[in-house]
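The values are calculated or read from the model by the stated rules, or taken from the named source; none is laboratory data. Here the structure is a predicted model, which means the values were calculated and not measured. Counting neighbours? That spans all protein chains shown, and the Cβs are built from the backbone with ideal geometry, glycine included.
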Amino acid sequence: MDPRRLLIFREVARLGSLSQAASALGWTQPAVSQHVQRLERDVGLPLVLRSPRGITLTEAGTKLLTHADALAARLAAAESDLRDLADLRSGSLTLVAFPSAAAVLVPPVLAALPESLDLRLTEAEPPEARQQVLAGEADLALVFEHTPQPDKDLVEVVLFEEELKAVVAEGYRLAGRKRVGLEELAEERWIAGCPRCEQHLLVATAEAGFAPDIRHRTDDYVVVQRLVGEGLAVSLLPQLALTAAPNPRVRVLPIRTAPTRRVSVILRTELVGHPAVAAAVEQFRLL
């Protein structure tokens, strides 16, 4: 059975007249009559009895009307559910973000979204976050890239470019400077981060004319600053990490010709129009 014809039949049965049903539907009476006749041929049974006073239902028509009513009710429920999603009265959002973004950027964004949304946050580094979005395990992800790599399956919304800064102990010989050259730290011991971050450090220091003496490796920006604060090494950190966990025992020095990273939101192309996703992306843009 054609569901559309079933709904047309329901309107005829509800109003008791082909002409009234045609008026309610905005169609001509012959068109409505033709659809009812085609439905009768499809089911192999007469559904209505026509008379000058209108129509009455046959036994088959009465039974079919209960199913037509159920179909109309399900369609109305579907319309209501989708309207709630569109108006953010319901729905869910699964977000994955790298640690410093999860600490600094995500909380105000989630707080700005309607309480009716089911919000979920997972922390992950950009490569894992990207895979979660591609696999459909997350709706969107906050990532950073030192060297952007376009992906045809993803939409990227760039939020900002972030400079990396030198982090030194408070008593360090250059701690009072307003800005330093990366080459001025060539003789120091260094702390490296994740493998991608370490590679970026190696590229930046090579451009400055030296290879860093890497003594420690950790992804944890709190640990990095504790090590720096004890005078054990120096490091490069982005402002997000410094904002997430400020340490009074370190000094932050902007770098001339500073290395940068790009912070973005990524999502699958199919989710661009998803109401909760679009609302979250807009909130990130407003930060």
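Only one of the listed residues (LEU18, LEU49) is surrounded by 12 or more Cβ atoms within 10 Å (Cβ to Cβ), out of contact with any Leu (no Cβ under 6 Å at 6 or more places or on another chain) and at pLDDT 90 or above. That residue is LEU18.
Here VAL158, VAL109, VAL168, VAL143 are screened, and the one residue that is in a helix (DSSP H, G or I), closer than 25 Å to GLN239 by Cβ, modelled with pLDDT of 95 or more and among the aliphatic types (A, V, I, L, M) is VAL109. Among the residues of the stretch 113-132, those that are closer than 16 Å to CYS197 by Cβ and assigned to a loop (DSSP other than H, G, I, E, B) comprise ALA124, GLU125. Select from the stretch 258-282 the residues that are out of contact with any Asp or Glu (no Cβ under 8 Å at 6 or more places or on another chain) and either surrounded by fewer than 16 Cβ atoms within 10 Å (Cβ to Cβ) or not in a helix (DSSP H, G or I) (or both) and list them in ascending order. Result: GLU270, VAL272, GLY273, ALA278, GLU282. Can you spot a residue in the stretch 147-170 that is assigned by TED's automatic domain parsing to the domain that holds ALA103 and of a type in the set (Ser, Thr, Tyr)? Yes, the stretch 147-170 has at least one match. Considering the stretch 57-90, and only residues there that are in contact (Cβ under 8 Å) with a residue 40 or more places away in the chain and not in a helix (DSSP H, G or I), the residue that is nearest to LEU18 (Cα to Cα) turns out to be LEU57. For the stretch 212-242, the candidate set comprises residues that are among the hydroxyl-bearing types (Ser, Thr, Tyr) and either crowded, with 22+ Cβ neighbours inside 10 Å or within 22 Å of ARG256 (Cβ to Cβ) (or both); within that set, the residue that is farthest from the chain's Cα centre (by Cα) is SER235. Here GLY209 does not qualify as assigned to a loop (DSSP other than H, G, I, E, B), surrounded by fewer than 18 Cβ atoms within 10 Å (Cβ to Cβ) and out of contact with any helix residue (DSSP H, G or I) (no Cβ under 9 Å at 6 or more places or on another chain). Applying the condition of being closer than 30 Å to ALA276 by Cα and surrounded by 13 or more Cβ atoms within 10 Å (Cβ to Cβ) to the stretch 52-81 and asking which residue is nearest to the chain's Cα centre (by Cα) yields ASP81. If only residues of the stretch 177-203 that are in contact (Cβ under 8 Å) with a residue 60 or more places away in the chain and either assigned to a strand (DSSP E or B) or not aliphatic (A, V, I, L, M) (or both) are counted, the one that is surrounded by the fewest Cβ atoms within 10 Å (Cβ to Cβ) is LYS178. The set of residues from the stretch 39-55 being over 18 Å from LEU18 (Cα atoms) and either without any contact (Cβ under 8 Å) to a residue 12 or more places away in the chain or not assigned by TED's automatic domain parsing to the domain that holds LEU7 (or both) comprises just one member, GLY44. Total residues in the stretch 253-280 satisfying the condition of being in contact with a helix residue (DSSP H, G or I) (Cβ under 6 Å, 6 or more places away or on another chain) and closer than 16 Å to LEU182 by Cα: the figure is 2.
Residues that are of a type outside the set (S, T, N, Q), out of contact with any helix residue (DSSP H, G or I) (no Cβ under 6 Å at 6 or more places or on another chain) and surrounded by fewer than 16 Cβ atoms within 10 Å (Cβ to Cβ) within the stretch 82-109 comprise LEU82, ARG83, ASP84, ASP87, ARG89, PRO107, PRO108, listed in sequence order. Looking at this structure, is LEU93 touching a residue at least 12 places away in the same chain (Cβ under 8 Å), of a type outside the set (S, T, N, Q) and in a helix (DSSP H, G or I)? No: the conditions fail for LEU93.
Is it true that ALA101 is small (Gly, Ala, Ser), part of a helix (DSSP H, G or I) and assigned by TED's automatic domain parsing to the domain that holds GLN225? No, not satisfied.
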